[in-house]
Amino acid sequence: MTDTLLLSYEPLPEARPSAVSGEAADIIELGSPDIDAGAPLMTALSRRRSQRTFNEEALSTDVLGELLWAANGINRPETGGRTAPSAHAFNEIDVYAALPGGVYRYDPQGHRLMLKHAVDARNLTGYQDFVGAAPLDLVYVVQMSRLLQIPPQLREACAAVAAGCISQNVSLYCASAGLATVVRGWINHRVLADALRLNEDEVPILAQTVGKPAIR
Ligand SMILES: Cc1cc2nc3c(=O)[nH]c(=O)nc-3n(C[C@H](O)[C@H](O)[C@H](O)COP(=O)(O)O)c2cc1C
């Protein structure tokens with residue numbers, strides 16, 4: 001797909017979630033991150049870009065573990081500090097993973113994925129045609145209840161910045177590990193809230209597709 005076509009942002013027809021094949025695991029234990037792996041930061045920065053063609057091959061639990069830890073994992077166990085900053089450390093963004101085998105919420109404390117909804121909701125995480133074809137769509141969800149101590153007029157900005165920091169961590173991890181990714185603001189909040197089984201005070205704010213790059 002050319003950049004011109006991509007930027008036309010033609011909506012796809014309304015989609016429905018697909019059934020997962022087999023039984024969705026309640027918990028997916030993730031591999032521990034190898035903090036010495038991958039390209040150095042400056043190399044990753046030089047490679048960072050949006051890519052929108054993906055290989056369908058599934059990501060291993062080791063790669064998922066590194067990716068989600070990079071996104072917003074605990075990097076200072078003594079304080080519970082995260083790889084991404086958040087105002088007052090309220091950690092108001094939850095990272096959801098729409099996988100072929102179900103929709104999961106990342107649990108940073110347990111470094112594992114917790115089943116939220118046993119459907120394949122990848123195609124509901126956006127309108128563009130690569131969404132649903134890649135093996136993983138991340139969705140960043142604001143837990144509004146964690147922002148109550150922030151003045152109302154600042155809550156949206158704080159949540160957007162926190163989600164942006166997480167997405168940049170993911171982009172840099174992908175650049176470092178040879179994965180393709182694109183962060184996406186063009187999402188249907190209502191459809192996503194249903195697909196992810198969210199409560200009233202949980203708001204999807206941003207999505208990000210990840211996979212191995214397509215071989216051209
Ligand atoms: C907040 C935000 C929302 C975006 N939303 C989309 C989107 O919905 N779909 C998409 O294909 N790209 C989206 N992008 C990616 C931009 O189109 C891309 O970053 C821009 O064209 C620059 O290209 P580069 O990332 O390769 O440097 C978004 C980027 C940001 C920061």
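Below are the figures for this structure:
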read-out	value
Matching residues in segment 193-208 - criterion: being within 26 Å of L148 (Cα to Cα), in contact with an Asp or Glu (Cβ under 9 Å, 6 or more places away or on another chain) and buried (at least 22 other Cβ atoms within 10 Å of the Cβ)	L196, A207
Count of segment 140-157 residues which are under 12 Å from the mean Cα position of the chain (by Cα) and either in a loop (DSSP other than H, G, I, E, B) or within 13 Å of the ligand (Cβ to nearest atom) (or both)	1
Members of segment 180-192 that are surrounded by fewer than 17 Cβ atoms within 10 Å (Cβ to Cβ) and either in contact with a Cys (Cβ under 7 Å, 6 or more places away or on another chain) or in a helix (DSSP H, G or I) (or both)	H189, R190
Segment 93-145 - residue that is in contact with a helix residue (DSSP H, G or I) (Cβ under 7 Å, 6 or more places away or on another chain) and of a type in the set (S, T, Y) and, of those, surrounded by the most Cβ atoms within 10 Å (Cβ to Cβ)	T125
Selection from segment 193-216 of residues that are β-branched (V, I, T) and either outside any loop (DSSP other than H, G, I, E, B) or without any contact (Cβ under 8 Å) to a residue 60 or more places away in the chain (or both)	V203, I205, T209, V210
G211 more than 15 Å from the chain's Cα centre (by Cα) and either surrounded by 21 or more Cβ atoms within 10 Å (Cβ to Cβ) or away from the ligand (no atom under 13 Å from the Cβ) (or both)	no
Condition check for A160: more than 24 Å from K116 (Cα to Cα), within 17 Å of the chain's Cα centre (by Cα) and not acidic (D, E)	no
Which listed residue, of A160, A177, is among the hydrophobic types (A, V, I, L, M, F, W, C), surrounded by 15 or more Cβ atoms within 10 Å (Cβ to Cβ) and within 16 Å of the ligand (Cβ to nearest atom)	A160
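Read-outs: derived from the displayed coordinates by stated rules, not from any lab. Not measured: the values here are computed from a predicted model. Every residue, glycine as well, gets a Cβ built from its backbone with ideal geometry; the counts of neighbours run over all protein chains shown.
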